[in-house]
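The values are calculated or read from the model by the stated rules, or taken from the named source; none is laboratory data. Computed from a predicted structure; not experimentally measured. For neighbour counting, all protein chains shown are included, and Cβ atoms are generated from backbone atoms with ideal geometry for every residue, glycine included. Heavy atoms of the whole protein, side chains included, go into the accessibility calculation; ligands, DNA and RNA do not. Shrake-Rupley method; radii C 1.70, N 1.55, O 1.52, S 1.80 Å.
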Amino acid sequence: MIVKAYGAHGADKPLESLDITRRAPGAHDVQIDIAFCGVCHSDLHQVRSEWAGTMYPCVPGHEIVGRVAAVGAHVSKFKVGDLVGVGCIVDSCQHCADCNEGLENYCDHMVGTYNGPTADAPGHTLGGYSQQVVVHERYVLRVRHPAGQLAAVAPLLCAGITTYSPLRHWKVGPGHKVGIVGIGGLGHMGIKLAHAMGAHVVAFTTSESKREDARALGADEVVVSRNAQEMATYAKSLDFILNTVAAPHELDAFFALLKRDGTMALVGAPATPHPSPNVFNLIMKRRSLAGSMIGGIPETQEMLDFCAEHGIVSDIEMIRADEINQAYERMLKGDVKYRFVIDNASLAA
C-alpha cells in the first residue's frame, strides 16, 4: 500500500513529503492508522547523519500512536479499532536471553522503528512520520489513556520509557532523593515519573527561567547547575541521578552530589562524547556511572499502564507535518515545552 510520509533523501536535505510503501499485514501483524507521532532528538541525529549508518530515504518517528486498522489471521492481542502505540522497536531475534527476559531493547538484533534492516522496500524500516505502519503484534502496545489524550501519550513511547526504565531498575521510590538533570523532552518526563513513584525530586537546569516550570512538573527543589555555590549545598545528598542531557558536558559536578554507593545513569545520547570524568569522584565514594536505553516491550507496557493510572502524559506542542523542519531548528535551540508532536492527519493535506 502506498501512503504519505515525511522524510529526507540526504543528510543535508530538508524533510519533505514522500510516498512510501507499507506491506500487507502478515499472520501476526497489526496495521495501524497513525494519528500522532512524537518528534525525538534522535530523529534529528539520525536524519542528519550525526549518528553513523543512516540509510536514505530516512523517514523518522518512533513515538507512534493510533488505531488498529487491520490484524493478521493469528493476531490475538488486538482488534480493529483498538488504541495502540509503537515505540522504538519493531523486531528482534525473539529467542536470545535478552528477548526471553522481555529486554528486546538489548537484543543484538533489535530492529529500530526506522533505519533498521527489513525485507520490506526500501530495505530499511521507515518510521512514524507517515500515515500508516504495519508491525508484528509482539511490538505493539495497548494505550489505556482516554482517546482525547492520545497526542500527549505519543512521547511516552520513547521519552516516557527512556526515563521510566532506569528509575525502575534502580528502584526509585519513597525515601529516595533523586536528581533529574535537564528539563527537556526526557527530563520533564523524568520529573513527572520520579514524583509519581514517591521520590523527593531535585531538578537541575542551566536556566534560571525554568525554576517555576520544574516545580509545576513535580520537582520538590530546583537547582541552577551553573551556580557552583548552589550546587555545593547538595554535595553527597542524592541517592540517584538521571542525566537526560543530550549534549556533551562535564559530569564531575554531578558525581559530587551523589551519596556513597549512588549511581548516575545517562540516557541522553550526545553526538560527540562527554569529557572523561575524574575517576576519583567514583572510587572515593564507590559511586557508579551507568547507562540505560529505552526499555523492553513488557516494561514499556508497564510504563504506559502506570502513566494511565497516574494521569501522566507529556507536555506537547502540536505541529503539522510540513512544519517539521522548523520544529527541528527550534528543538536545537530548546524552544519547545517539551515535545513536538505531529498531527499525522496533516500528511494528507
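Numbers for the structure displayed
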read-out	value
Contour excess over end-to-end distance, with Cα ends at Cys93 and His310 and 0.36 nm allotted per residue	74.8 nm
Antiparallel bridge percentage (DSSP; both residues within the chain; nearest 5)	55 percent
For the chain, with +1 on Lys and Arg beta carbons and -1 on Asp and Glu, the positive-most of Ala256, Val59, Gly116 along the dipole	Ala256
Calculated over the range 283-337: convex hull of Cα atoms, volume per residue (Å³)	196 Å³
Cα shape, the range 203-299, gyration tensor, a/c 1.5 rule	rounded
Candidates Gly291, Gly116, Gly87, ranked by Gaussian network fluctuation over the chain, Cα under 10 Å, top entry	Gly291
Pairwise FRET efficiency - Ser49 versus Lys259, Cβ, R0 = 41 Å, nearest 0.05	0.50
Where a label projected 7 Å from the Cα of Ile283 along Cα→Cβ would reach, residues of the range 233-267 with amide N under 20 Å	251-264
Chain lengthening between Asp19 and Ala247 when straightened (0.36 nm per residue, less Cα-Cα)	78.7 nm
P(r) tail fraction, the chain - alpha-carbon pairs more than 34 Å apart, %	23 percent
In sequence order, calculated HN-Hα J values of the range 7-12 (Karplus, 6.51, -1.76, 1.60; Hz; x Gly/Pro)	x, 10, 9, x, 4, 9
Per residue convex hull volume, Cα atoms of the range 128-185, in Å³	143 Å³
Cross-link table Lys171/Lys337; Lys77/Lys171; Lys259/Lys285; Lys177/Lys210, entries beyond 18 Å C-alpha to C-alpha	Lys171/Lys337; Lys77/Lys171; Lys177/Lys210
Sites His28 and Ala290, calculated FRET efficiency, Cβ-Cβ separation with R0 35 Å, nearest 0.05	0.50
Shape of the range 208-249, Cα gyration tensor, a/c cut at 1.5	rounded
Trp51 accessible area, 1.4 Å probe, all protein chains in place, Å² to nearest 10	70 Å²
³J(HN,Hα) computed for each position of the range 53-61 - Karplus, 6.51 cos²θ - 1.76 cosθ + 1.60, integer Hz, glycine/proline x	x, 5, 10, 10, x, 9, 10, x, x
Long-range HN-HN contacts of Cys40 with modeled amide H, under 5 Å	His62
Additional length obtainable on full extension of the chain from Val80 to His169, 0.36 nm per residue less Cα span	28.6 nm
Residues with amide H under 5 Å from that of Leu18, placed H, sequence gap 5 or more	Ala5, Tyr6, Gly7
Estimated 222 nm signal from helices in the chain, with DSSP H stretches of n ≥ 4 weighted -39500 (n - 2.57), rounded to 500	-5500 deg cm²/dmol
Accessible area in the full protein assembly, largest first, 1.4 Å probe, for Glu104, Glu250, Glu302	Glu250, Glu302, Glu104
